[in-house]
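Peer 1: Okay, handing you the structure first.
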Amino acid sequence: MTMQRKLIALVVAGGLTAVASAPALAAEAAPPPPRVSWSFSGPFGKYDQGQLQRGFKVYKEVCASCHGLSFVAFRNLADPGGLGYSAAQATAIAAEYQIKDLDDQGNPVERPGRLADYFPSPFPNALAAAAANGGVAPPDLSTMAKARTYERGFPWFVFDMFTQYQEQGPDYIRALMLGYRDPPPEGFKLPPGAHYNEYFPGHAIAMPNPLSDGQVTYDDGTPATAAQYATDVTAFMMWAAEPHMMARKRIGLQVMIFLIVLAGLMYFTKKKIWHQVEKPREIAAGQDPDKTTI
Ligand code: HEC
């Protein structure tokens, strides 16, 4: 075979393999996560304080043993537009944690957390985290609600622009929490140590199913189900990723109202200032109404 023929044969073979494997890939693609009506969606969306506090409890009691939250400080728990804790409550929560620090001689010590500290990560470094979790380090959850999304495809992304749907991340995370299937569907080869999840890209996830009914006690009478935990912890992660969302939406709305009023004022101002000036085209054509009357 000449070089050229070899090349053509390779291209054809490659194309055929791609065509043959396409249905298999399509079959493995994750289904779109179900849409949840979040309290924080839309231009008037607000965080539900009770839900954020419950979600924080789930994070603290379940997820924190593997996942860090390193961009969130204890003082943020008392920020307006968030969990609604008082400074004293946030201080008490901070004091439950042990923070690595240095003493005056520069020796490493552990001391109780203060408001200014950030949530400590459960592992000393990424390698230790990976070693304890089957080779995959659990990612930090601070910005996870914004870091994950999924393709909605045409024409949905066009509608989404108008409906302001931007909760793909939270929808995905909640679906992921509830998407574990054991045993995996027939014919799916699960790598050792991995777990089957319907919504995880590729389906084989290193995180074991973290939530089960009754695992966390809720004090406010909310049903203690895995689905409720998943919703609440996702809302909490959304707050962690965007703690100033409520202020952003409020200011955005005020700015829109201001611009609409300003546009109206500008229109009438323009009419008032220019009402005595003739149309330039009429003047050019010698039809200036003022001149013809002379
Ligand atoms: C036993 C340790 C462990 C616990 C507990 C745990 N996770 Fe994970 N998590 C992991 C590991 C490991 C990964 C990385 C998975 C991978 O990439 O295969 C992960 C990944 C994730 C991801 C990212 C998935 C993606 O799309 O990449 C999210 C979101 C997540 N965890 C949320 C949570 C939440 C919320 C909780 C608490 C309800 C939780 N995890 C509890 C170990 C854990």
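The values are calculated or read from the model by the stated rules, or taken from the named source; none is laboratory data. These figures come from a predicted structure and were not determined experimentally. Note: ideal-geometry Cβ built from the backbone for every residue, glycine included; neighbour counts use all protein chains shown.
Peer 1: Can you tell me which residue among Pro155, Pro112, Pro122 is at pLDDT 95 or above and exposed (fewer than 14 other Cβ atoms within 10 Å of the Cβ)?
Peer 2: Pro112
Peer 1: Please give the number of the condition Glu198 fails out of (1) acidic (Asp, Glu); (2) touching a Pro at 6+ places or on another chain (Cβ under 8 Å); (3) near the ligand (Cβ under 10 Å from one of its atoms).
Peer 2: (3)
Peer 1: Going by the conditions given, is Met237 in contact (Cβ under 8 Å) with a residue 40 or more places away in the chain, away from the ligand (no atom under 16 Å from the Cβ) and hydrophobic (A, V, I, L, M, F, W, C)?
Peer 2: no
Peer 1: Quick check on Phe154: is it out of contact with any Pro (no Cβ under 9 Å at 6 or more places or on another chain) and in contact (Cβ under 8 Å) with a residue 12 or more places away in the chain?
Peer 2: no
Peer 1: Being touching a Phe, Trp or Tyr at 6+ places or on another chain (Cβ under 8 Å) and not aromatic (Phe, Trp, Tyr) is the filter here, so list the residues in the stretch 238-282 that pass it.
Peer 2: Met238, Ala240, Met245, Met246, Lys249, Leu253 - these are the residues of the stretch 238-282 that are touching a Phe, Trp or Tyr at 6+ places or on another chain (Cβ under 8 Å) and not aromatic (Phe, Trp, Tyr).
Peer 1: I would also like to ask the following. Scan the stretch 168-185 and report the pairs whose first residue is in contact (Cβ under 8 Å) with a residue 60 or more places away in the chain and over 10 Å from Pro34 (Cα atoms) and whose second residue is β-branched (Val, Ile, Thr) and assigned to a helix (DSSP H, G or I), with Cβ atoms within less than 7 Å and a gap of 6+ or a chain change.
Peer 2: The qualifying pairs are Pro170/Thr234; Ile173/Thr234.
Peer 1: Working only within the stretch 149-179, note down all residues that are away from the ligand (no atom under 11 Å from the Cβ) and among the charged types (D, E, K, R).
Peer 2: Glu151, Arg152, Asp160, Glu167, Asp171
Peer 1: Considering every residue within the stretch 272-293, establish whether at least one is at pLDDT 95 or above and exposed (fewer than 10 other Cβ atoms within 10 Å of the Cβ).
Peer 2: No, the conditions are met nowhere in the stretch 272-293.
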